[in-house]
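Each value in this text was obtained by applying a stated rule to the coordinates, not by laboratory testing. Note that this is a predicted model, so its numbers are computed, not measured. Don't worry about glycine lacking a Cβ; one is built from the backbone with ideal geometry, like all the others, and counts go over all protein chains shown.
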Amino acid sequence: MIRTILHYPDKRLRERGERVEAITPEVQKLVDDMAETMYAAPGVGLAATQIGEALQLFIVDVAEENAPSDLRVFINPEILERDGEISWQEGCLSFPGVQEEVDRAARVRVRAQDREGVWFELEAEGLLAVAIQHEYDHLQGVLMIDHMGPLKKRLTHRKMVKRAEEQAST
Ligand code: NI
């Protein structure tokens, strides 16, 4: 089922995801809904907090447009190591039409559980590393706008508030 993606300034985006205590069929259904929602958007990553589920769970798929899908599920993720620096033009499904150059670690080592609850460790670089850090931020209630300088932050805030008001009045 495709779920509604929350847009900034929805306050639920600021909630910290809670630990997923057990990988139940409900959690797996949520993962499947998130994948459907992300592909429909389309996007390369989606955090549970973006659809109003305050849980430590995100998914990413950074496969090229015409390549087979490469869905990766991260439940209760922890970034163990960050190394190097990379700057990437990022977008976010909760900030339609907004882009920002964000400085990230070039490589990360992350530990998480998959859709079956099995723990794994992954070393990632490039777009995958960027997407993991972006989605991991979401689980802490940290958003793209927090990475902006004061001027762009103010403009983006205003633009998104205006957008939300326009949508509420239609
Ligand atoms: Ni995002």
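See the values below:
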| read-out | value |
| --- | --- |
| Packing-based exposure ordering (other Cβ within 10 Å, fewest first) of GLU15, GLU21 | GLU21, GLU15 |
| Inverse mean reciprocal Cα-Cα distance (Kirkwood Rh) of region 1-61, Å | 11.7 |
| Relative frequency of Cα-Cα separations exceeding 24 Å in region 11-168, percent | 32 |
| Taking THR4, THR37, THR170 and counting other C-beta atoms within 10 Å, the order from fewest to most | THR170, THR4, THR37 |
| Antiparallel bridges, percent of DSSP beta bridges restricted to region 11-168 (to nearest 5) | 95 |
